[in-house]
Amino acid sequence: MAKTRGRRASGPTAVESIRHKDARKIVPTEALRRAREPETTDEGGGAESARPRVREEGRVSATVLLRAAHFAAERHRGQTRKNIDAYPYINHPIFVAELLTRVGGVTDVDTLAAALLHDTVEDTPTTPEEIEARFGAVVRGLVEEMTDDKRLPKLARKQRQIEEAAGLSRQAKAIKLADKIANVRDVIDQPPPDWPLARRVEYLDWSVRVVAGCRGTNDALERHFDELIARGRAALSVEPASPGRRRRP
């Protein structure tokens, strides 16, 4: 872009800038910098000390989440989802974490890390102790809340999810909501090839009962779930049939 030259107005301006000769861009003066950045403070010395701390926390958060994603990818290596496309299993926990942030507005690092790791103990040889050693006690606790006891029969595990949902921590309830959204979406759009219609309908009904115990946690996620269930019921034609009227296949 060509430079333009003009006469400088007399007298001081409200905000001045200087030309950075190396980067070839406008670098705002301190007054403009203060106007653009939030005046967060802490006990250590005000906004000036808070800004480096915020940037450092951002780097730490990104590192933790990338480590969790990498760990989950390693542990779920070779596993695929049961849907028609049989895509890599790691896509699922990544989608759950993405739903939490994009739909639910969740920014808590422990919650997002636990979302990425939520199936590692249940579906891989990973132990709770290993999760704690790598990601801390809070993440371990959330992953354990999301883990079914595989020693129980499948129907017993499903019933336990219904019964225990209301007693989960608020963070675990948010993860459970996102997890059910991801699973219901797959059952509607990409079901396992051997699932008949009745089983898909049953899964929607069961998911509604589980999510009932998570209500009051995250309005946006709950609305998203309700909209998805409504779409699923319409797609699967599960509205109650009138007497003498056959349900469409």
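The values are calculated or read from the model by the stated rules, or taken from the named source; none is laboratory data. Just so you know, these numbers come straight off a predicted model, no measurement behind them. For neighbour counting, all protein chains shown are included, and Cβ atoms are generated from backbone atoms with ideal geometry for every residue, glycine included.
Structural remarks
- Filtering segment 126-152 to residues that are closer than 18 Å to R170 by Cβ, touching a residue at least 24 places away in the same chain (Cβ under 8 Å) and of a type in the set (D, E, K, R) leaves only E145.
- Considering segment 132-175, the residues that are acidic (D, E), farther than 30 Å from T63 by Cα and in a helix (DSSP H, G or I) include one that is farthest from the chain's Cα centre (by Cα), namely E163.
- Of all residues making up segment 111-131, the number that are within 19 Å of the chain's Cα centre (by Cα) and either among the small types (G, A, S) or crowded, with 18+ Cβ neighbours inside 10 Å (or both): 12
- Scanning segment 173-189 for residues that are closer than 21 Å to L116 by Cβ and not basic (K, R) gives A174, I175, L177, A178, D179, I181, A182, N183, V184, D186.
- Residues that are within 17 Å of the chain's Cα centre (by Cα) and either over 14 Å from G167 (Cβ atoms) or not in a loop (DSSP other than H, G, I, E, B) (or both), drawn from segment 207-221: V211, N218, D219, A220, L221
- When residues of segment 67-102 are limited to those that are modelled with pLDDT of 95 or more, in contact with a Lys or Arg (Cβ under 9 Å, 6 or more places away or on another chain) and not in a helix (DSSP H, G or I), the one farthest from D226 (Cα to Cα): P88
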